[in-house]
1. What are the ³J(HN,Hα) values, in whole Hz, obtained from phi via the Karplus relation 6.51 cos²θ - 1.76 cosθ + 1.60 with θ = phi - 60°, for each residue of the stretch 242-251 in sequence order, with x given for Gly and Pro?
2. Does the stretch 25-107 come out rounded, prolate or oblate by the C-alpha gyration tensor, with a ≥ b ≥ c the root eigenvalues, rounded set by a/c under 1.5 and, if not, prolate when a/b is larger than b/c and oblate if not?
3. With the cut-off at 19 Å, tell me which of the pairs LYS291/LYS322; LYS168/LYS531; LYS423/LYS457 have Cα atoms farther apart than that.
4. Could you compute the FRET efficiency for SER150 and GLU102, with r as their C-beta to C-beta distance and R0 at 22 Å, rounded to 0.05?
5. Can you give me the long-range amide H partners of PHE396? Hydrogens built in the peptide plane at 1.01 Å from N, cutoff under 5 Å, separation of 5 or more residues or another chain.
6. Residue by residue, what Karplus-based ³J(HN,Hα) values in Hz, rounded to whole numbers, does the stretch 294-307 have, using 6.51, -1.76 and 1.60 with θ = phi - 60° and x for Gly and Pro?
7. By its C-alpha gyration tensor, with a ≥ b ≥ c as the square roots of the eigenvalues, how is the stretch 358-467 shaped: rounded for a/c under 1.5, else prolate for a/b larger than b/c, else oblate?
8. Applying a 10 Å radius around every beta-carbon, put 50-63, 368-381 in order of their mean neighbour count, most first.
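Laboratory data are not the source of any read-out in this text; all were calculated from the coordinates shown. Here the structure is a predicted model, which is why all the values come from computation and not from measurement. We place every Cβ from the backbone using ideal geometry, glycine too, and count neighbours over all the protein chains shown.
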Amino acid sequence: MKINTLYELLRHGVEKFASRTAFDMFNGESVTYAEVGRRAAAVQEALVGAGVKAGDKVALLSSSMPNWGICYLAVTSAGMVAVPILPDFSGPELDMIIAHSEAKALLVSDKLFSKLSKQTIDSLNIVIRTKNLGIIAQHVTATGSTAVPSPDDLAAIIYTSGTTSSPKGVMLTHKAICAQIDMDFGIFPIDETDVFLSVLPLSHTYECSIGLIYAFSKGARVVYLDRQPTASALMPALKAVRPTVMLIVPLIIEKIYRYQVQAKFNSNAFWRTLVGIGFMRRYLHRIAGKKLMKVFGGRLRFLGIGGAKLDTQAEQFMLEAKIPYAIGYGLTETAPLLAGAAPSQVRLGSTGPAAPGVQLRLENVNPDTQQGEIVALTPSVMLGYYKNPEETAKVFTPDGWFRTGDLGWLSPDGWLYIKGRLKNMIVGPSGENIYPEEIESVLNSHVFVADSLVTEKEGRLIALVHFNRDELEARYEELKYDWEMKKDAWEKRIDELKKEVLDYVNSQVNRFSRLSEVVEEKEEFEMTPTKKIKRFLYNKRHGKDPVKEEDSKPHNTEAK
């Protein structure tokens, strides 16, 4: 059955998979597909009783839980417009988004409710608690309405986590969101026997489209964590749930690789020598991969990675370890998927070919590098940015293709390789194109680097580096104690480490991408709600003109 609206999705799931479990809370409640339908009807009744009508906006601000998906489907299947909001926005940002969206109602979890101002709460017809679907506040009692939506009707407005603190509202239709179902199935089929372990925010388009809508369309079961996916939270969940499908951001797998695999292989000269031999490295990675698959529960068929650039060494490990991973590419504006491949097809460094039904091309191609801006024609493209026609016009070509703002290269057989954000590119002294993301990938592969950002200062490339203090203390055991007495010695070690990192990077990048300086960033980098560094803050601090860009994707920059 082809599904064209979220109304059809809800009806299809409830009717076809009624007795099966749709959503689980890890160590908590289980909700069947039939119960999803009953709870969705209750939410609709409450909204209508508060005067909310088809076409009105309803904000959804909640941590991931079974009722998140129920609320989302209740709103959209009633012909209302869902406004899913990332939970990591600040209080003033949340107030601004709710006001800008003109939301009439709010579905909210307990912790996030406290971030909102009284003025915002008082402006809403009704506020419903997502935990039990009870009414927190109701300021209007009237009769609203529902309507069966058409494929071209607006279904959701999703506010991107902008690095300028000025989020844009991406308008997605029912047709655009539901087109993802066939795209996903064309890349990696699932069915009702699949079990998803959901660890990313559902307000992230990547998780919502694939981890909720695609899973629901095929009768799969989705299990949610009630906390951040730290190692202590993930390990027991993986053991108990034994997922067949997981969607993660690179940070999760990079931490596993760095602290469980790379740290072991860097622990002494013997291991470093072994991994320096190609066939031995592949053998050791394969052994580590078998252990890791057991950690994931032993049933994993698909580990989808998206949201940021994936470290090349971590990906090489997964490829050689035979982890069934896949890296895709997309943006919030394209709901999100544009390119991807099944685990059996992956190529190191590539996001795969265009997704089924999508066309990709490059514009303004550099004749030397054959790289250009990626533009896409997809059935999942947004209508535009809500109440922002000027920005909307900027991102579409005259013939209607969407400008991604990413630089890439297409292989002769159509596989996409992403170089970085167009607006992040630095032009070298002789006109060379320098991609900070590529240099940062090398930086982040160093065992003592937790995170990094490359910027430009007076024509020189400098790296801001946040070091991994735990790893440093393990290396310099004698400096762990009596901190103040050892402060000078510690600073000397840091200076030595900066030189080590500088030499390490410059030995692996091309001539015009070499760094002039490594600067320690003692505090963790400030991040957007989707965990990407707010580049403009650091570019401005170090003398480069801040770039006004929007980080609007579950998108990865060398692969999703």
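1. 6, x, 9, 9, 9, 10, 9, 9, x, 3
2. The shape class here is oblate.
3. Violating the 19 Å Cα-Cα cut-off are zero pairs.
4. Once rounded, the FRET efficiency stands at 0.55.
5. Under 5 Å from the amide H of PHE396: ARG403.
6. 5, 4, 6, x, x, 10, 4, 10, 8, 10, x, 10, x, x
7. Judged from the Cα gyration tensor, the stretch 358-467 comes out prolate (a/c at least 1.5, a/b above b/c).
8. Top to bottom by mean Cβ count within 10 Å: 50-63, 368-381.
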